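Data first, discussion second: the structure below is written as structure tokens.
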Amino acid sequence: FCRAKYPYTAQDASALTFTTGSIIEVLTRQESGWWDGMLGDERGWFPSNYV
């Protein structure tokens, strides 16, 4: 799990939108810096430098 430092708005359907302080379950970590995670019932990719 990780906590969001900044809000992020998804740019497409495969990304995850969250607000500052959100607790995200990390499922996959890519070397590119994009992580796959779950927030509630939503799953998507997000930039790891936001958490």
**OP:** From (1) surrounded by fewer than 16 Cβ atoms within 10 Å (Cβ to Cβ); (2) assigned to a strand (DSSP E or B); (3) among the aliphatic types (A, V, I, L, M), pick out the condition that doesn't hold for Ala13.
**Re:** (2)
Original post:
Do you know which residues across region 1-45 are hydroxyl-bearing (Ser, Thr, Tyr) and in contact (Cβ under 8 Å) with a residue 12 or more places away in the chain?
Top reply: Tyr6, Tyr8, Ser14, Thr17, Thr19, Thr20, Ser22
Subject >> Scope region 23-41; condition surrounded by fewer than 14 Cβ atoms within 10 Å (Cβ to Cβ), within 17 Å of Ala13 (Cβ to Cβ) and small (Gly, Ala, Ser); matching residues >> reply: Gly40
**OP:** Tally the residues that are in contact with a strand residue (DSSP E or B) (Cβ under 7 Å, 6 or more places away or on another chain) and either hydroxyl-bearing (Ser, Thr, Tyr) or modelled with pLDDT under 95 (or both), restricting the search to region 18-43.
**Re:** 2
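The values are calculated or read from the model by the stated rules, or taken from the named source; none is laboratory data. The shown structure was predicted, so the numbers you read here are calculated from the model rather than taken from an experiment. Don't worry about glycine lacking a Cβ; one is built from the backbone with ideal geometry, like all the others, and counts go over all protein chains shown.
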